[in-house]
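In what follows, a single structure is set out as structure tokens and then discussed.
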Amino acid sequence: MSGWSTLERYEPSLDEGKLDLYVAELVKWNKAIRLVGPSDADGIRLQVVDSLLPLLVERPRFPLLDIGSGAGLPAIPLAIASPGQPITCLEPRIKRVSFLNNAVRVLGLTGVRVVEGRAGGGEPAPGLFASFNCVTARAVSDVPTLLGWAAPYLAQGGEVLLGRGGDDDAPRVGGWRVSRLSEYPSPEGVGRRFVVGYRRDP
């Protein structure tokens, strides 16, 4: 399966026009800034589907933080699928911050803010400490490291929700418990896919 039809199974009211516009912006910006691996619209579309699908299979609670947002995957597609919900993109690289701000403006995404900053290795950016019901990230680091980065941003009872590939669906990490785990039909050619949630042990 590929294309927006894969997503529509979980979100029938999805705004395909905004997703197409987002892909077009990625194609344009990717010529100057290496935002994603594929350079063609079809390849980028597959990445969009692969990043958003786990968050449609297992819905996050908002407000949500996307660590290392980069090209905006999954935060921007999630904002399109969840209009008006509070989503924060945390990204340390200024050129990618510029792209994210442009995408928010061009797509007219309300509720989305972009923060220049890096998770891990220091204090959370001002106003972000213990502020989020959900933290997510895509292809940023290994799970134990990512959970460590996410911990300061989680509100009481908050959850880290991740898309996973391969057979190691839910690595066990000390101090954390697996709160949910689902395998779902993946886009064609990307292998097995899971979504896994983690919560801190009481």
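Computed from the coordinates by the stated procedures, all read-outs in this text should not be read as laboratory data. As the structure is a computational prediction, the values presented were derived from the model and not from experiment. Reconstructed Cβ throughout: ideal geometry from the backbone, glycine too, with neighbour counts over all protein chains shown.
Multiplying the residue separation of Asp169 and Asn101 by 0.36 nm and removing their Cα-Cα distance gives an extension gain of 21.2 nm. In the chain, helices alone account for a calculated mean residue ellipticity at 222 nm of -10000 deg cm²/dmol, with every DSSP H run of four or more residues adding -39,500 (n - 2.57).
Modelled this way, with points 7 Å down the Cα-to-C-beta line, the labels at Asp20 and Thr110 are 2.4 nm from one another. Projected label points at Gln156 and Arg180, each 7 Å from Cα along the beta carbon direction, are separated by 2.2 nanometres. Put in line by how crowded their Cβ is, counting other Cβ atoms within 10 Å and starting with the fewest, Ile87, Ile44 read Ile44, Ile87.
Near Asn133, the amide H atoms lying under 5 Å from its own belong to Ala155; only residues 5 or more places off or on other chains count, and H is placed 1.01 Å from N.
Here Phe132, Phe62 are placed in order of increasing Cβ neighbour count within 10 Å, fewest first, which gives Phe62, Phe132. For region 4-200, the relative contact order is 19 percent, taking Cα pairs closer than 8 Å that sit 6 or more residues apart in sequence and dividing their mean separation by the residue count.
Could you give the dipole magnitude of the chain about its Cα centre, charging the beta-carbon of Lys and Arg +1 and that of Asp and Glu -1, in debye to the nearest 20?
Once rounded to the nearest 20, the dipole reads 460 debye.
Ranked by how many other Cβ atoms sit within 10 Å of their own Cβ, fewest first, the residues Leu21, Leu90, Leu109 fall in the order Leu21, Leu109, Leu90. Placing dummy labels 7 Å off each Cα toward the beta-carbon, the span from Arg192 to Arg61 is 2.9 nm. For the pair region 74-138 and region 1-73, the centres of their Cα atoms are 14 angstrom apart. Computed FRET efficiency, Cβ-Cβ of Lys28 and Arg93, R0 30 Å: what is it to the nearest 0.05? Once the sixth-power term is evaluated, E becomes 0.95.
Rg then Dmax, both in Å and based on the Cα atoms of the chain: 15.8, 47.
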